[in-house]
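Chemist: My questions all concern the structure below.
Every number in this text was worked out from the coordinates using simple rules, so none of it is lab data. Every value quoted in this text rests on a predicted model; they were computed, and no experiment measured them. Positions of Cβ are generated from backbone atoms using ideal geometry, with glycine treated the same way; all protein chains shown enter the neighbour counts.
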C-alpha cells in the first residue's frame, strides 16, 4: 500500500526543479509576445493620428471606415490580451508546477479524491510515508479572481484541513494545493447552482496541463458527461477518465450479536469492466476514440482510505488508488515536462492565433477599402475630365471679356497693350477660374494650386494694338521753266521781248496709311491656342495632384496599416511555440 504512495510523493519532489526551469522559458515567451503586441499597438496609434480634410463625403467616409477598423482592431486585440491575462491570473502563479485540474459533475467525488492525494488523511492516520518529508499542504481558495484562505470563508466547511466536502458542492471557488511539482485544482462541479461556477471551472481547465475527469460509476456516462468530455476532446486537452466511487456496501449478519455488519468493498470486476467497456464504446461512437480503455480507471478513494485505516492490502489494491497514483507518477516523471510546455505553449499559440485572426480580418477589410479606393480614383478621373471642360470654357469666357475690354481701351486711347502685360492679365484670369473651381471641389486645392502659380502662364502673346492698312499711289508733276532761245529765229524773237519755255514731266510714288481696327481676333486666337496647351499639359497634372492628395492620404493610411499588420503577423508567427 505504501510503495505507490511514496513513489508518487517522491516524484513530485524530484520533478519540482525541472518545472521551475520550464517556467522561465514560458515567462520569456510571454514577454516577447507582449512586446510584439505593444509595438503593434503603438504603430497603429501613430497611423490613426493622421487626419484627412476634405469636403468629399465619399472619401471622408472611406477614410473614417478605415480609421474605425483600426480602432476596432486595437480594441479587440486589447480585449483578447485582457481575456488571456485574466484567464491566467491565478494559473501563472503555478506555471512552475505540473497542474492537474479535477473536473466533473456534482457529487462525482472530486473533493474526496483531492483530500486523498493531498495526503493529510494519511498523515492523520499516523502512517509513515514520504508525505512526512513535506510541509503539510495548505488549501487555497480562488473565487472569481480573488484569493481567500479557508479561515476567511466562513461558509466553507473544513474537513481535516482539507478540501471542502459539501454534498452539493455548491461553491463558485477553485480549491487547490501544492505538493512538490504538483498543483492540484479542484474545480466547481458541472451542473453547479450558478452559471458562473461552470464558466470558472472551464476557464481554469483550459489552463491546466492535465485534466482528470470524474464521473460517478453509479451513473457513469450521462449525456452531460459526454458533452463535457467532447468539449475537452475538441481542445486536444489531455485527460484521464476516472469512474469514481466504484465501491459498494456488503451486508452480513453477525449471528453472535445479531447485528447487520456493513463492509465497504470494491464493485465486482465484471461491473467495473462492463462500465469501462460501455464508456469506451460510447466515446468511440461520439468520435472520441483518443480515449483508450487503459486511460479509463475505476477507483474508490473512500475504499483506499478504509483499507489504509484497516491495513487491508487487498482492499487497497481493489480501490485502484495505487494504480491511479502510479499513473500520475509516470506522467509527471516521463510526460510531465512535455505536457507542461504544451499547456503554456498552447495558451501562447492560442492567443497568437486569436490575434492573427483579428489581423487577417482587418487585412481583408482593408483589401475591400483598397478596391473602394480604386473605384473612387476612377470616378475622380471622370469627374476631373468634366471639371476641366467646365473650367476651360470659363477661362475662354473670361479671356474674351478681358480682351474686349482692353480692345475698347486701345480704340479710345489710341494706345496699345504690350504682350507682357496681356500675358500677365490672362494668366491671372485662368488662375482665378482654377482656384474657384478647385476650392469648391477639394479643400486642399488652394494650397496645391499655389505651387502651380508659375506654371499657369500664358506665353507668346503679341501686343494688342490698332491695326493699320497702307495704299500706294503715283503722282504726276508737270514743271514749266523759262529757257534760253535756241536758233536765229528764237534769238530774233527774244530781241523783240519774246520768251521761250520748256516742260519736265515727273512721276512720284506715295503711300497713304489709315486705321482699320484693333487686332482683337488675332490675339484671341493666340490666347485660345495657349489655353489649349495649358489644359493639355499643366492643368491635368494639377488636377491629378489635387485629387490624388486625398487618395494619397487614404492610400498612405491603408499602406501604413497593412505594413504594420504584416510585420506583426510575421513577428507573431515567429513567436509561436512548437508543440
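Chemist: So, by mean Cβ neighbours within 10 angstrom, what's the order for 569-576, 215-222 with the highest one leading? List each step's numbers first, then the result.
Modeler: Details: 569-576: 14.8, 215-222: 18.9.
Descending mean neighbour count gives 215-222, 569-576.
Chemist: Something else now. Using a simple spin-label model with points 7 Å from Cα along the Cα→Cβ vector, what separation in nm is obtained for residue 234 and residue 374?
Modeler: Rounded to a tenth, the inter-label distance reads 3.8 nm.
Chemist: Shifting gears a bit: Using r as the Cβ-Cβ distance of residue 408 and residue 465, and R0 as 22 Å, what FRET efficiency do you calculate, to the nearest 0.05? Please list the in-between numbers first.
Modeler: Details: r = 13 Å, r/R0 = 0.60.
Plugging the Cβ-Cβ distance into 1/(1 + (r/R0)^6) gives 0.95.
Chemist: Pop the C-beta distance of residue 476 and residue 521 into the FRET formula with R0 = 45 Å and round what comes out to the nearest 0.05. Walk me through the numbers on the way to the answer.
Modeler: Working: r = 39 Å, r/R0 = 0.88.
According to the calculation, E is roughly 0.70.
Chemist: Among 304-312, 125-133, what's the highest-first ranking by average C-beta atoms within 10 angstrom per residue?
Modeler: 304-312, 125-133
Chemist: Label-point separation (nm) for residue 10 and residue 46, each offset 7 Å from Cα along Cα-to-Cβ?
Modeler: Taking the two extended label points, one gets 5.9 nm.
Chemist: Please work out the C-alpha center-to-center distance from region 217-239 to region 1-33 and express it in whole Å.
Modeler: 27 Å
Chemist: How much length is gained on full extension from residue 284 to residue 218, taking 0.36 nm per residue of separation minus their Cα-Cα distance? Intermediate results must be reported in sequence, preceding the final value.
Modeler: Details: separation 66, 0.36 × 66 = 23.76 nm, distance 2.10 nm.
Gain in length upon complete extension: 21.7 nm.
Chemist: Figure the gain on full extension for residue 268 and residue 125 (residue separation times 0.36 nm, minus the Cα-Cα span) and round it to one decimal in nm.
Modeler: On the way: separation 143, 0.36 × 143 = 51.48 nm, distance 2.78 nm.
Value of the extension gain: 48.7 nm.
Chemist: Based on the mean of other Cβ atoms within 10 Å per residue, sort peptides 327-333, 501-507, 97-103, 398-404 so the most packed one is first. Working shown, then result.
Modeler: Working: 327-333: 20.0, 501-507: 8.7, 97-103: 27.1, 398-404: 16.1.
The densest-packed peptide leads the list: 97-103, 327-333, 398-404, 501-507.
Chemist: Could I ask something else about it? Can you sort 212, 26 so the residue with the fewest Cβ neighbours within 10 Å comes first? Mind showing how you got there, number by number?
Modeler: Working: 212 25, 26 20.
Result, fewest neighbours first: 26, 212.
Chemist: In nm, what is the difference between 0.36 nm times the number of residues separating residue 501 and residue 18 and their Cα-Cα distance? The partial results should precede the final answer.
Modeler: Working: separation 483, 0.36 × 483 = 173.88 nm, distance 15.23 nm.
Extra length available between residue 501 and residue 18 comes to 158.7 nm.
Chemist: For the pair residue 418 and residue 508, what calculated FRET efficiency results from E = 1/(1 + (r/R0)^6), where r is the Cβ-Cβ distance and R0 = 45 Å, to the nearest 0.05?
Modeler: 0.75
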